[in-house]
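Working notes, structure below.
The values are calculated or read from the model by the stated rules, or taken from the named source; none is laboratory data. Note that the structure is predicted; figures quoted are calculated from it, not measured. Positions of Cβ are generated from backbone atoms using ideal geometry, with glycine treated the same way; all protein chains shown enter the neighbour counts.
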Amino acid sequence: MSEVFEPKILAICCQWCSYAAADLAGAMRLQYPSAVRILRVPCTGRVDVLHMLKPFEEGADGVFLSGCLLDDCHYRTGNYKATKRVAYAKTILQQLGIDPQRLEMFYNSSAMGPQFAQTCRDFTARIQDLGPLWGTAADSAAA
């Protein structure tokens, strides 16, 4: 009997646009995987590299940040700062032997509920294709 891999995904969303898009997706009753857990932050520009890496240590299989559209940040350049930090965090993941595709940055406006739901579905599919970050219970028993 094979178990279906249900990834653990953390979505770090800015309160102004992406969290509002997630809220709109819910109001529209759009489906996206229950594996996605949302953490609302004032701005993705305030998310430190450590905040992106810690969920992997705690058992997450994937993490994505979702901020305002570029040039539309409520804090002017927060999403640009977040984009640079995500790129840097990906290099750290690579050095640690973790596929950097497990971390991503997306951009959504508050009116993009359907796109936010699709982002969640697409990212979840990507993580499912990559498989569990730390292996399965069967892998641990075999080692």
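Can you work out which of the residues in the range 26-42 that are in a loop (DSSP other than H, G, I, E, B) and free of Cβ contacts under 8 Å to residues at least 40 places away in the same chain is surrounded by the fewest Cβ atoms within 10 Å (Cβ to Cβ)? Checking each candidate, the answer is R29. Does E104 qualify as being surrounded by 14 or more Cβ atoms within 10 Å (Cβ to Cβ) and acidic (D, E)? Here the answer is yes, as E104 does meet what is asked.
Residues in the range 109-133 that are within 13 Å of the chain's Cα centre (by Cα) and not acidic (D, E): F116, A117, Q118, T119, C120, R121, F123, T124, A125, R126, I127. When the residues of the range 1-19 are filtered to those that are more than 16 Å from the chain's Cα centre (by Cα) and either closer than 17 Å to R126 by Cβ or not hydroxyl-bearing (S, T, Y) (or both), the one that is modelled with the highest pLDDT is W16.
Quick one: is M112 out of contact with any Lys or Arg (no Cβ under 6 Å at 6 or more places or on another chain), closer than 20 Å to Q31 by Cβ, at pLDDT 95 or above and of a type outside the set (F, W, Y)? Yes: the conditions hold for M112. If I filter the range 115-143 down to residues being of a type in the set (F, W, Y) and at pLDDT 95 or above, which single residue comes out as nearest to V4 (Cα to Cα)? Looking at the filtered set, the residue picked out is F123.
For the range 1-25, filtering for residues that are surrounded by fewer than 18 Cβ atoms within 10 Å (Cβ to Cβ) and in a helix (DSSP H, G or I) leaves 1.
A22 meets the stated requirement of being of a type outside the set (S, T, N, Q) and within 14 Å of the chain's Cα centre (by Cα).
Each residue in the range 43-85 was checked for being in a strand (DSSP E or B) and closer than 13 Å to C13 by Cα, and 6 pass. If you go through the range 86-101 and pick out every residue that is outside any loop (DSSP other than H, G, I, E, B) and exposed (fewer than 14 other Cβ atoms within 10 Å of the Cβ), you end up with 5.
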